[in-house]
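A.B. asks: Mind having a look at this structure? Questions to follow.
The values are calculated or read from the model by the stated rules, or taken from the named source; none is laboratory data. What you see is a predicted model, and the numbers here were worked out from it, not measured in a lab. Because the Cβ atoms are built from the backbone with ideal geometry, glycine has one as well, and the counts that use them run over all protein chains shown.
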Amino acid sequence: MGELPAGYLPVEGSDRRPLPGAERLGPADPRQRVTVSVRLRRRPDAPPLPRPRRGTGHLSRERFTAVYGADPADIARVAAFARQHGLDVGETSVARRTVQLTGTVAQLQAAFAVDLGHYRAGQASYRGREGHVHLPAGLVPIVEGVFGLDDRPQARPLFRRAVPREKRDKDVVETTPGQVAKLYEFPSGTGAEGQCIGLLEFSGAGFGGGYDPKDVQAWFQRRGAHPPPLTPVGIDGAGNSSGHDEDSDIEVTLDIVVAGAVAQGARIAVYFAPWTEQGWVDAVAAAVHDAANDPSVISISWGYPEFEKSPGQNLTWTRSAMDAVGATFEEAAALGVTVLAASGDFGTDNGIGDGHAHMLYPGSDPYVTSCGGTTLKDISGSRFTEVLWSDPKTGASGGGVSAYFDPPSWQAGVDVPASVEDGHHGRGLPDIAGNADPGSGYTLVRYGKNTRHPIGGTSATAPLYAGLVALINAQLKIRLGYLNPTLYELAASGIYRDVTCCGTNAWADAPGYHVGKGWDATTGFGSVRGTALLDELTSDLFAALIPAAD
């Protein structure tokens with residue numbers, strides 16, 4: 001970018017670098033029309049967001065919008081700026097604090113003082129930028145980020161296939177989500193009627209990804225169960241588009257059948273967005289602030305290595321994007337919406353291959369319950385053995401120490417190790433874990449046929465526990481909301497099945513963390529005994545409702 005226009009300043013946290021190994025092939029097409037999302041601050045007179053405790057004190061959506069949404073005056077200022085540059089003003093949302101603007105690449109370059117180019121990195125081709133986004137000085141204090149100028153890929157599905165039969169060196173014991181729920185002692189004899197589970201799904205531009213209702217129906221019918229009512233929600237031009245990208249289709253279908261099998265009677269809203277930074281910011285906001293479907297719990301089976309504070313290590317996320325998504329997760333807590341996310345399927349390497357440990361975002365966010373992976377073995381009735389999922393052929397549980405987030409207060413009572421990278425201390429993950437090894441995975445129905453090999457991954461763990469949250473919400477007739485403080489307060493209550501064996505989650509030359517007694521950075525507290533959790537919450541809720549004696 002040449003000299004900045006007079007009066008322009010950089011937007012803090014918007015700095016971008018090319019993907020590793022990327023080559024700029026030339027300028028972006030100046031005539032291409034692009035829609036960007038401008039994220040605004042909360043109302044300047046808004047008080048701090050409340051920190052509700054265990055299902056109480058949550059804000060209504062109406063109250064949140066009125067107190068914590070965007071200031072209409074700020075929206076008007078962005079709209080006036082857009083008109084000055086010939087940009088069209090599209091959808092605006094006070095609750096999501098977003099204004100969408102559309103224009104040509106040439107118009108957007110002039111408006112935001114950026115230089116957009118055509119880049120290629122390996123098989124990935126994207127419209128990209130380097131350096132900061134810029135705005136007139138008067139708008140910088142009210143704009144938290146501008147997303148969509150750069151459309152590099154930024155999401156990976158977190159599922160794994162079992163090793164083909166002829167290459168296996170261990171037995172594969174296929175399970176069903178219902179069977180695993182029974183092993184984990186989830187509440188039985190009750191459904192999740194009245195609850196909505198939100199599933200965030202992503203797809204590459206032009207490739208699609210989604211579910212076929214006939215496949216979902218066939219899967220449930222073969223198991224004598226009712227398929228959940230499904231509502232697809234399109235974001236930023238994406239939508240349910242099954243049959244174009246098998247990996248995306250498998251991820252979406254896996255999420256639906258796991259959550260739907262555990263939480264019978266719940267509705268499921270499936271949010272589809274492009275796998276870009278803009279897609280993340282808009283999809284999380286759309287799900288958390290969806291008044292129509294009103295999800296009480298959201299499951300995320302996708303991720304990408306977080307922005308790292310070390311110079312040169314911000315591989316994809318910008319700080320402004322992570323801050324925007326993180327702020328929305330904090331809003332979810334205030335609204336009583338629980339958020340769970342997969343911790344990753346390639347140990348500490350997480351698919352980067354540079355010999356360093358990386359944590360996945362959004363699983364590393366303190367307002368998200370990070371779900372790691374285990375292997376189930378020796379299943380006989382209600383008895384089984386559970387160990388760390390760490391298999392050189394199929395994958396390993398993601399976990400470790402965040403490079404971005406400081407240690408949260410609710411982790412003070414557990415022994416989070418120092419980072420294996422540089423010894424720093426940060427938010428440890430995962431928080432809990434569950435069946436993820438495809439060797440004890442699930443068979444799906446795709447394109448009318450069973451998948452050839454069982455499917456697993458930490459993307460099977462997050463929707464499993466989303467189903468548990470929906471069951472508990474329905475039983476208690478409250479919303480658990482922000483789950484992490486409760487999970488750590490109940491560390492000694494007996495609600496966990498501690499996973500103490502075996503080894504580490506080191507992967508592809510990246511250093512790993514050891515599994516062991518108590519909380520560890522591979523399986524967290526272990527798997528959750530669902531009914532025990534419900535009992536603890538029931539007694540705690542009643543205690544909170546009974547006035548203390550004089």
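A.B. asks: Based on this model, can you work out whether L476 counts as assigned by TED's automatic domain parsing to the domain that holds T374, of a type in the set (A, V, I, L, M) and over 23 Å from the mean Cα position of the chain (by Cα)?
C.D. replies: For L476, the condition - assigned by TED's automatic domain parsing to the domain that holds T374, of a type in the set (A, V, I, L, M) and over 23 Å from the mean Cα position of the chain (by Cα) - is met.
A.B. asks: Within the stretch 380-390, can you find the residues that are at pLDDT below 95 and either part of a loop (DSSP other than H, G, I, E, B) or within 18 Å of I432 (Cα to Cα) (or both)?
C.D. replies: If the condition is that a residue be at pLDDT below 95 and either part of a loop (DSSP other than H, G, I, E, B) or within 18 Å of I432 (Cα to Cα) (or both), then G381, S382 are the ones that fit.
A.B. asks: Output the residues belonging to the stretch 397-433 that are on the phi > 0 side of the Ramachandran plot and either hydrophobic (A, V, I, L, M, F, W, C) or outside any loop (DSSP other than H, G, I, E, B) (or both).
C.D. replies: G400
A.B. asks: Here's another thing I want to ask about it. Just the residues that are of a type in the set (S, T, N, Q) and within 13 Å of the chain's Cα centre (by Cα), please, taken from the stretch 330-386.
C.D. replies: Matches in the stretch 330-386: T338, S343, S364, T369, S370.
A.B. asks: Strands (runs of 3 or more DSSP E) wholly in the stretch 1-102 with at least 3 residues that are touching a residue at least 12 places away in the same chain (Cβ under 8 Å) and closer than 30 Å to I352 by Cβ - which ones?
C.D. replies: 23-27, 33-40
A.B. asks: Another question about this same structure. Restrict the check to the stretch 97-115 and report whether at least one residue is surrounded by fewer than 17 Cβ atoms within 10 Å (Cβ to Cβ), small (G, A, S) and at positive phi.
C.D. replies: no
A.B. asks: Which of the following residues is assigned by TED's automatic domain parsing to the domain that holds V297, touching a Gly at 6+ places or on another chain (Cβ under 8 Å), touching a residue at least 40 places away in the same chain (Cβ under 8 Å) and among the acidic types (D, E): E331, E386?
C.D. replies: The conditions single out E386.
A.B. asks: So for the stretch 144-158 (the condition being farther than 20 Å from G279 by Cβ and not aliphatic (A, V, I, L, M)), does at least one residue qualify?
C.D. replies: Within the stretch 144-158, none of the residues are farther than 20 Å from G279 by Cβ and not aliphatic (A, V, I, L, M).
Okay, residues lined up against (1) modelled with pLDDT of 95 or more; (2) aliphatic (A, V, I, L, M); (3) touching a Phe, Trp or Tyr at 6+ places or on another chain (Cβ under 7 Å):
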| residue | (1), (2), (3) |
| --- | --- |
| G344 | yes, no, no |
| T348 | yes, no, yes |
| G351 | no, no, no |
| G355 | no, no, no |
| Y361 | yes, no, yes |
| P366 | yes, no, yes |
| C371 | yes, no, yes |
| T374 | yes, no, yes |
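A.B. asks: While we're on this one: Which one of these is surrounded by fewer than 24 Cβ atoms within 10 Å (Cβ to Cβ), in contact with a helix residue (DSSP H, G or I) (Cβ under 8 Å, 6 or more places away or on another chain), in contact (Cβ under 8 Å) with a residue 60 or more places away in the chain and not in a strand (DSSP E or B): K393, K377?
C.D. replies: K393
A.B. asks: Let me ask you something else. Between residues in the stretch 288-301 that are closer than 11 Å to P362 by Cβ and in contact (Cβ under 8 Å) with a residue 24 or more places away in the chain and residues that are in a loop (DSSP other than H, G, I, E, B) and among the β-branched types (V, I, T), which pairs lie under 8 Å by C-beta distance while being six or more apart or on different chains?
C.D. replies: I298/V337; I300/V368
Conditions tested, residue by residue: (1) of a type in the set (D, E); (2) closer than 20 Å to V284 by Cβ; (3) crowded, with 18+ Cβ neighbours inside 10 Å.
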site: V36; (1), (2), (3): no, yes, yes
site: L40; (1), (2), (3): no, yes, yes
site: P47; (1), (2), (3): no, no, no
site: H58; (1), (2), (3): no, yes, yes
site: R61; (1), (2), (3): no, yes, no
site: A66; (1), (2), (3): no, no, no
site: A70; (1), (2), (3): no, yes, yes
site: D74; (1), (2), (3): yes, no, yes
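A.B. asks: Right, another one. Would you mind telling me which numbered condition in (1) of a type outside the set (D, E, K, R); (2) in a loop (DSSP other than H, G, I, E, B); (3) at negative phi L487 fails?
C.D. replies: The number of the failed condition is (2).
A.B. asks: Every residue in the stretch 133-142 that is touching a Lys or Arg at 6+ places or on another chain (Cβ under 8 Å) and either in a loop (DSSP other than H, G, I, E, B) or closer than 16 Å to R16 by Cα (or both), please.
C.D. replies: G138, L139
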